[in-house]
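Structure first, commentary second.
The values are calculated or read from the model by the stated rules, or taken from the named source; none is laboratory data. Computed from a predicted structure; not experimentally measured. Counting neighbours? That spans all protein chains shown, and the Cβs are built from the backbone with ideal geometry, glycine included. The area values use the complete protein model at the heavy-atom level, side chains included, leaving out ligands, DNA and RNA. Shrake-Rupley method; radii C 1.70, N 1.55, O 1.52, S 1.80 Å.
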Amino acid sequence: MSQPALYLKQNVAVEPLYNQWYAWWYLVAPATAPLYVANHHVKLMESFVANPAIHVAALKNPALAGGPYLNYGVERAGEVKELLERTRKEQAASLQFAQAVAELDKLLAPANGSSLEELYKKVPDILQGYVELTYDLNNRASARFFESLLYRSPHYKETSQSLSFRLLKGDSRPYVFSTPRLDSDKDTLHVHLPFRHEAIDRLYAMRRTPGPVEAIREAMGIGAKDAELFSTFFTDQAPRPASRYDGDGVRVRYFGHACVLIETRDVSILTDPVVSYDFPSDLPRYTYADLPEKIDYVLITHGHADHLMFEPLLQLRQRIGTVVVPASNGGALADPSLKLMLKAVGFKNVVTLSELESLELPDGSITGVPFIGEHADLNIQAKIAHLVQLKGRSLLMAADSNALEPRLYDHVHAAVGDIDVLFLGMESEGGPLSWMYGPMLPAPLPRKMDQSRRLNGSNAERAIEIARRINPKQVHIYAMGREPWMGHVMAMGYHENSPQLVEARKLLAWSQERGITATLPYVQAELFF
């Protein structure tokens, strides 16, 4: 008997996990994942097991929602302890790798400009053959990791990758980066499958094209005991059809945060995909159901988890033609290759774009534009803004650019001319360096130093410098983390007098005084050119 063809429900959330923690940039790259396991996950779980009441008490304060506290009650301490013990066992090689990175840093610290050749034999055994020892021109020694080799080594742990399925009934989701997903979470199905597995594409294709549930369950290796729960993720109700733009100009749709769909009749471009699931809501928004069947280009500005998000990317993989990413720093620990990473998780066509390098499109092009700021002064080159030119219109998707050096934009303007539309993020406060990069630091920074190095974009003064120098006709402030479906990755907690919104309103006022159309889009917006 043939199986009925069903659709994957539009409100099935599928979280990619690494060792049961929400997967992001540094948990996929093989040189950095061990550092976050050892210096973040293990330490958080140890703290919770030792005194869960402290974590429970801390999270009663909404201001601490993004802090280092597990979001479980004291009754879950036993389960966390089990995961901690399993992590120590299954991730033993990763813990050794992290220790070896610390030892390598100590080995290189005394280097004073003399040849590094004799140090190779002293490199910890687990790292030998995977690093090159180098100096910069100021005789500061560091190690360059051969990432391409690490992805082919036992240190790239596909066995630690998995997916967590559950149905969403609203936007509210707990903050994900400080709390692992436990196997016993109610109404959640945990499936051990590497991110590159072709069955994932077959599953997500069922959002729009129905298929047999039993066949996909077997392809994903889901056992009979989970068959009933898995079946609840499917329906015989077809999704609403998405409208493919067929006009003569350019249509721009704001999907929330830094996710913008730019379309002509011949090409579709999606920036930094972060997409809402589709369920009944009093807050109208564009969702996965509103994306075109084929997305020709996905543009990634940088690797931060609210811009390069594996959760939507994996769901869209089978619909994406080409992913465009910035080039990285060539093996620097804090700057892993986005191209290698995305190819490792199953994206077939990934290209890098450097500053002022262009990709030709039907009726236009995509050009890389320098992106400075938001990375706490670290030498991270895997970040780029995108100038999208289509049918004589130009849109600069500047992400979280911070005009630390305003004259940069004089040079950009000289190279690309006036633009029609500027999209710019203004999260002007940002967290301290340690909030994101702490697990990679050889030693904690003094608090004053740490607090001075922020993960921030432009404030009003700097945003005005950008706008004044590149002369846009329209300014739209995006990437602010205000949408309710962003809470699980950003935990912003804005209020009307938050500094970020105060600064954004200053840019709006400045623009409007000069006849520049300016908006602070929220949830959903549409423009035509």
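The single condition among (1) open to solvent by less than 30 Å² (accessible area, probe 1.4 Å); (2) in a loop (DSSP other than H, G, I, E, B) that residue 252 does not meet is (2). There is no residue in region 486-500 that is modelled with pLDDT under 95, open to solvent by 60 Å² or more (accessible area, probe 1.4 Å) and aromatic (Phe, Trp, Tyr). Of everything in region 69-88 that is among the hydroxyl-bearing types (Ser, Thr, Tyr) and farther than 17 Å from residue 19 by Cα, the residue that is nearest to the chain's Cα centre (by Cα) is 69. Considering region 181-201, and only residues there that are basic (Lys, Arg) and touching a residue at least 24 places away in the same chain (Cβ under 8 Å), the residue that is most open to solvent (accessible area, probe 1.4 Å) turns out to be 196. For region 263-271, the criterion of being crowded, with 19+ Cβ neighbours inside 10 Å, among the acidic types (Asp, Glu), modelled with pLDDT of 95 or more and closer than 20 Å to residue 520 by Cβ is satisfied by no residue at all.
So that you can scan it fast, the table gives a plain yes or no per residue for (1) open to solvent by 10 Å² or more (accessible area, probe 1.4 Å); (2) touching a Leu at 6+ places or on another chain (Cβ under 6 Å); (3) not in a loop (DSSP other than H, G, I, E, B):
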| residue | (1), (2), (3) |
| --- | --- |
| 366 | no, yes, yes |
| 378 | yes, no, no |
| 403 | no, no, no |
| 406 | yes, no, no |
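Listed by first and then second residue, the pairs linking a residue in region 62-80 that is farther than 20 Å from residue 37 by Cα to a residue that is among the small types (Gly, Ala, Ser) and open to solvent by less than 20 Å² (accessible area, probe 1.4 Å), with Cβ atoms under 7 Å apart and 6 or more places separating them unless they lie on different chains, are 64/58.
When you scan region 39-68, how many residues do you find that are within 21 Å of the chain's Cα centre (by Cα), open to solvent by 20 Å² or more (accessible area, probe 1.4 Å) and at pLDDT 95 or above? Residues flagged as within 21 Å of the chain's Cα centre (by Cα), open to solvent by 20 Å² or more (accessible area, probe 1.4 Å) and at pLDDT 95 or above within region 39-68 amount to 2. Scanning for something free of Cβ contacts under 8 Å to residues at least 24 places away in the same chain, farther than 29 Å from residue 486 by Cβ and either touching a strand residue (DSSP E or B) at 6+ places or on another chain (Cβ under 6 Å) or of a type outside the set (S, T, N, Q) (or both), does region 88-95 turn up at least one residue? Scanning region 88-95, I find at least one residue that is free of Cβ contacts under 8 Å to residues at least 24 places away in the same chain, farther than 29 Å from residue 486 by Cβ and either touching a strand residue (DSSP E or B) at 6+ places or on another chain (Cβ under 6 Å) or of a type outside the set (S, T, N, Q) (or both), so the answer is yes. Just to verify a result, which residue in region 380-396, among those that are of a type in the set (S, T, N, Q) and in contact with an Asp or Glu (Cβ under 8 Å, 6 or more places away or on another chain), is least open to solvent (accessible area, probe 1.4 Å)? That would be 394. Annotation: residue 71 fulfils all but one of (1) surrounded by fewer than 21 Cβ atoms within 10 Å (Cβ to Cβ); (2) assigned to a loop (DSSP other than H, G, I, E, B); (3) in contact with a helix residue (DSSP H, G or I) (Cβ under 7 Å, 6 or more places away or on another chain); the unmet one is (3). Summed over region 408-419, the residues that are over 14 Å from residue 356 (Cβ atoms) and crowded, with 16+ Cβ neighbours inside 10 Å give a count of 1.
Evaluated against (1) small (Gly, Ala, Ser); (2) in contact with a Gly (Cβ under 9 Å, 6 or more places away or on another chain); (3) farther than 26 Å from residue 20 by Cβ, residue 172 falls short on exactly one condition, (3).
Apart from one condition, residue 214 fits all of (1) part of a helix (DSSP H, G or I); (2) without any contact (Cβ under 8 Å) to a residue 60 or more places away in the chain; (3) open to solvent by 60 Å² or more (accessible area, probe 1.4 Å); (4) not polar (S, T, N, Q); the exception is (2).
Considering only residues in region 328-364 that are within 30 Å of residue 451 (Cα to Cα) and more than 15 Å from the chain's Cα centre (by Cα), the one that is surrounded by the most Cβ atoms within 10 Å (Cβ to Cβ) turns out to be 328. For region 13-45, residues that are under 24 Å from residue 201 (Cβ atoms) and touching a residue at least 60 places away in the same chain (Cβ under 8 Å) total 17.
Here residue 36 passes the criteria (1) surrounded by fewer than 19 Cβ atoms within 10 Å (Cβ to Cβ); (2) in contact with a Phe, Trp or Tyr (Cβ under 8 Å, 6 or more places away or on another chain); (3) in a helix (DSSP H, G or I) except the one numbered (1).
Scanning region 456-476 for residues that are open to solvent by 10 Å² or more (accessible area, probe 1.4 Å), in a loop (DSSP other than H, G, I, E, B) and either under 13 Å from residue 428 (Cα atoms) or among the polar types (S, T, N, Q) (or both) turns up 456, 459, 471. Those strands (runs of 3 or more DSSP E) of region 89-196 in which at least 2 residues are modelled with pLDDT of 95 or more and closer than 23 Å to residue 442 by Cβ, considering only elements entirely within it, cover 131-135, 141-145.
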